[in-house]
1. If you line up the long axis of helix 178-193 against the longest principal axis of the chain, both from Cα atoms, how many degrees apart are they, to the nearest 10?
2. For segment 30-44, just list the computed ³J(HN,Hα) in residue order, Karplus coefficients 6.51, -1.76 and 1.60, θ = phi - 60°, integers in Hz, with x standing in for Gly and Pro.
3. Evaluate E = 1/(1 + (r/R0)^6) for Asp151 and Lys216, where r is the Cβ-Cβ distance and R0 equals 41 Å; express this FRET efficiency to the nearest 0.05.
4. Using the per-residue mean of other Cβ atoms lying within 10 Å as a proxy for protection, in what order, highest first, do the peptides 391-404, 74-87 fall?
5. As an exercise, find the ratio Rg/Rh for segment 208-257 from alpha-carbon atoms, using the Kirkwood inverse-distance average for Rh.
6. Once you have the Kirkwood Rh of the chain from its Cα pairs, apply Stokes-Einstein at 10 °C and 1.306 mPa s and quote D in µm²/s.
7. Modelled label-to-label distance, Asp103 and Asn408, 7 Å Cα→beta-carbon offset: nm?
8. Please list, ordered by chain and number, the residues whose modelled amide H lies under 5 Å from the amide H of His371; skip anything fewer than 5 residues away on the same chain.
Amino acid sequence: MKSVNVNGKTYSWPTKTTIVICLDGSEPGPKGYIDTAISMGLMPFMKSMISKSTYEIGKCAMPSFTNVNNMSIVTGTTPDVHGICGNFFFDPELGKETLMNDDSFLRASTIFEAFEKAGAKIAVITAKDKLKKLLGKNLKEAICFSSEKADQANLKDNRIENVLELTKKPLPEVYSSDLSEFIFAAAVEIVKKQKLDLIYLSTTDYIQHKCAPGSKMANDFYHMIDGYLQKLYDQGCEICFTADHGMKGKTNEDGSLNLIYLQDELDKKFGKDFCNVICTITDPYVVHHGSFGSFVTIYLEDKNKISEVVKYIKTIKGIDIVLSNDESVKKFNQPKDRIGDIVVTSDENFAIGKKESDHDLTKLKEPLRTHGGMGESDIPIFLSKKIDQSYKSKGVLRNFDIFDLALNYG
């Protein structure tokens, strides 16, 4: 059987169109989004598939952020290999905080790149344009575009055109469930028109930031997804999905927020700008989370003070894990040169910000829900086939096992 080697792993050639989906922010489990919608009768396709499929709860890469985990999924590796450790980081070469959206930051080949070189026909569709460049690195023939800029898709840059006409849908708003639905609508129409080997779909977590499992908006969203999964399955596709991270609320019953303004705390204790806190969840889509997450990194000018700062941070309410650079590389498989001197996570009830003056809470119209820490690291793993039980020897499944499970297990 034909196979492809990438990043030290071997993947068998797909026997039929294999669709891998990253359902952004899909907190799993009995109280999670999918199981709740199934139990309420809103995902009939998923309910019908449970007995003849593989459905597990696994773990994501850390931090539990979007860019980090999408790149882990599509490279089959951890951040210390592929190099993407956040949406935002302090670039030591430039000496400033920088968005990690450019594909020059990616240090490993994607599974798509390797399969395309071997002759596979591939489509990659993502919700937000921030991910398209990373996912599409070095792709020359694969369809690759974002819902956000679907109106700009062209044959030269994206290997597809007239996408709005194809889907018979208008360009979706960024802050809407339509941004994710557009991905599925496009995939259904593309599969009708051409034979593909691999398809990757990556949604946005707008709904999950906005709504808890079981809410009407969340239920409507997963009901919509269920319908498209049915359509793709009926067209003969193998359906697989996972998530980049889970999602937890950071708001008390009285409406107050559990926030740690870590830069303010450190400035009070050690003096202004003694430490530099980097909120690595930061990206252009501030309505989602206001740049509050559960994972930050810290840079210190005086490296002799690292242990003292670590000791103090551990005393702050809501803090979960505090690690030195070396400890973070070992525990979380982080790229040593991109994570600062200290890594800090909050527990699942708290979020971490920089300074209170740096965050605009007026754009958060609902109670804050966000991610980044271990509390948001559970993710679903679903394959529309019952695979042999040898996969259980892998131990705890990770979201970046999804292509291995889909292609290498019968």
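Readers should treat all values here as calculations from the given coordinates under stated rules, not as data from a laboratory. Everything numeric in this text was worked out from a predicted model, so none of it was measured. Reconstructed Cβ throughout: ideal geometry from the backbone, glycine too, with neighbour counts over all protein chains shown.
1. Helix 178-193 sits at roughly 30 degrees to that axis.
2. Taking θ as phi minus 60°, the curve returns x, 9, x, 5, 6, 5, 5, 5, 4, 5, 8, x, 9, 10, x Hz for segment 30-44.
3. Approximately 0.85, to the nearest 0.05.
4. 74-87, 391-404
5. Answer for segment 208-257: 1.14.
6. 74
7. Placing both labels 7 Å along Cα→Cβ, they lie 2.5 nm apart.
8. Ser294
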